[in-house]
Each structure stands twice: as C-alpha cells, then as structure tokens.
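K.L.:
Got a structure for you, written out below as structure tokens; questions coming shortly.
Here, each number is a calculation from the coordinates, and none is a lab measurement. Because the structure is predicted, anything quoted here is derived from the model rather than measured. Every residue, glycine as well, gets a Cβ built from its backbone with ideal geometry; the counts of neighbours run over all protein chains shown.
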C-alpha cells in the first residue's frame, strides 16, 4: 500500500509531489503521480496553438525551478510541456502516464472512517492502487461547461467550446458569436477581429473590466472570496469571475473598435443565429462557447462528498467529509493563481496526517 497517490500532473500535482519528496517520502515506494495525458504539460498541453507564451495568462514557476526565458511567439503549450517535463526529470518525480482514473472508493475493512487505518482504492485503466491518502489535482480542463439555451438544438451552424478551439483560421469569412464573460472570450474576440472575422459578444452581465493592481494583496483577497464559498459547502465561484478583466491597452483598443462591447444576455439560438435579451439579433455561422469549466471530479463521486448546498465543504485543501482526501484544483486553486501554494499545502497536510498513528 502506498502512503499517497496524487491524481493529476499539472501545476498543483507536481508541486505536491515535489514537497512530498522534500519531506522524506520516497518516489514509487511511498507515493506516485497518476496522469491521464500522454506527456508532461497538464492542461496547458491542450491549449490552442495560437495561444502563444506572450498572450497567455501568467505561467507560474513550479517550486524549486524557475521557468527559463522563452520566445514569446512560441505556443504556450510547447513551453509548458518542455518545462514540466524537465521538472519531472530533474526531481525524479514518479509520474505514471497515461493512466486514466475511473473511480476512487473506500476500502471497507471495518476501520472507523475518521482514521487512516482503511485505505482508499484508486481504480484505473492500468490496475488499482491502494493509498492511505489521495491528493486529487485534476483541475477543470476535462469538464467544459456547456450552458443550455433555447434553440441550441436547431442552430444550423457549428458550436464549439474553448476546450475544442484550435485556430481563428477555421472561421475565415464567417460570422461568429462568442458567449462568455472571461479572459478566453476576450482573447477569442480580438483574434477573430484581427483575422477579419465579424463577431458578436454575449455576456450574462456587463463585462467587468478593472484597473486594480494585481498585487499579492489583491491575490489574497480573491482567494479569500472564493474560499468563503467552499468553506460553506457551496459551489465555488470561478477565480476569473472574482478578479474581473484587466483593462489593458489592448482591451481598451478593442472596446474603442466595438469588438469588446457586449450585446448583453443571450436569449435563444435560432436556426441561423441568435437573439438577445434586448430584442436584437445576429446571424451567425458558428457559436463559440467560452463559458468556462467545472471541477473534473466525477471519479470521486463514490465518496459522496457533496453537501446540501451542492458544493464540497473544505477546510483549506482538506475535505471535511473525507479525511483521507486532499483536494486541489477546486475553488481558489482552480487557476494558476494559487495552484502551487495549494499543492504545497496538500503535501504538508499529508505529511501531518501520515505522522499520526493509524489507530489514533
């Protein structure tokens, strides 16, 4: 039996693995990392090629190794894959891939649920793993959110999600409706406009552009607001939903050009386009749903973690209903903003739990 199984080799998972090793756990003997991807890079591995390093959100350093300078014009997916691969090799992290986790279950041996005497069983397509603790770091990329609006079934054009976007060249000569109020939506709109594509933007609420300084105090305030909900067992707000959109010069230019001006809430799709809450309409060849992601945790459903409010009650990275599970990539750690810190917190919590005798 292993002490710890980490599920996911993205930013938070690699951070947790690094700190477990730093605190004396032996790779392969004491802990492993299971990753569903074919190679290093986490969710970044799947980002569209036109998302270059210079245009991407900040890529945060992993503990113990800084990201080396790279060409801003290089795809961010390639930069991060190379960086994470070097990181795994340098610190000899025990990443097993590709391994698809199907379920995490309790092993019922009669031990009290609040002790580490009974392991959790991680069921995968490559066999089962028994572990005293599981650190789940699966993030959100594998669970795109598709909202339902009237008419989605009859729209005759193409519909795709951020998850499936590859290049603006696919939309040459078309009219594209972009739905969503986050950074991805804004980036899509600007790229499409630069390529000569006619666009319309729909958001449920007016876009929240902000000129606040993104300093450490701001970051802590954002995490506090997100954590307030997870501590209460409520579904988390997205970090982007709390932060707003930075009013950069590029975004100001987009507003002035009319590209980054929302048409307001989407009312319904039609066979040929969309109508909005104000009664206006837009003929569209494609709808790009930039509507975010949800926590990819279906494999944890056998543990029955949900509270009456629909969320998972958390104490930092600790799951209140299941002491053998530590959760990162949920709530405030679902973005690069706090993922490395969450990985460290999970590792330290695991070390603390493992130091307590199983019978206590």
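K.L.:
Taking a temperature of 4 °C and a viscosity of 1.567 mPa s, what whole-number D in µm²/s does Stokes-Einstein yield for segment 250-335 with Rh from Kirkwood over alpha carbon pairs?
P.N.:
The Stokes-Einstein estimate is 76 µm²/s.
K.L.:
Please rank 153, 88, 352, 170, fewest neighbouring Cβ atoms within 10 Å first, as an exposure proxy.
P.N.:
153, 352, 170, 88
K.L.:
Under 4 °C and 1.567 mPa s, how fast does segment 240-294 diffuse according to Stokes-Einstein, given a Kirkwood radius computed over C-alpha pairs? Answer in µm²/s, whole number.
P.N.:
Answer, rounded: 97 µm²/s.
K.L.:
Tell me, Kirkwood radius of segment 1-156 from alpha-carbon pair distances, in Å?
P.N.:
This gives a value of 17.3 Å.
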